[in-house]
Amino acid sequence: MKADEKLIMEIEEFDDAFPDGVFAIPRNPKDPKVKVRALWDYCKEKGVDPEDLSEEEMEQFLEY
């Protein structure tokens, strides 16, 4: 039971380090944004996965 209590305390301590609940690294402002909704709709319409798109097809979903 001691190990479980220690784990719970460690988890709570970790959670307290992120008061807004965000566990993410900010993106580089120089990197393009991906228009995810449009990409998803395009792939669904074409019946392909995003990783199967050519560079030219992917370019239309990047916003610089």
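The values are calculated or read from the model by the stated rules, or taken from the named source; none is laboratory data. Quantities reported herein were computed from a predicted structural model and do not represent experimental measurements. Positions of Cβ are generated from backbone atoms using ideal geometry, with glycine treated the same way; all protein chains shown enter the neighbour counts. All accessible areas refer to the heavy atoms of the entire protein, side chains included, with ligands and DNA or RNA removed. Shrake-Rupley method; radii C 1.70, N 1.55, O 1.52, S 1.80 Å.
The calculated 222 nm mean residue ellipticity attributable to helices in the chain amounts to -14500 deg cm²/dmol, summing -39500 (n - 2.57) over DSSP H runs of n ≥ 4 and dividing by all residues. Compared with the dominant principal axis of the Cα atoms in the chain, helix 36-46 is inclined by about 50°.
Strictly greater than 17 Å: what percent of every Cα pair in segment 6-64 meets that? Everything past 17 Å amounts to 59 percent. Which angle between 0 and 90 degrees, to the nearest 10, do you get for helix 2-16 versus the longest principal axis of the chain when only C-alpha atoms count? Computed tilt is about 50 degrees.
Based on protein heavy atoms only, the chain ends up with 96 Å² per residue of surface accessible to a 1.4 Å probe. Modelled this way, with points 7 Å down the Cα-to-C-beta line, the labels at residue 46 and residue 59 are 1.3 nm from one another.
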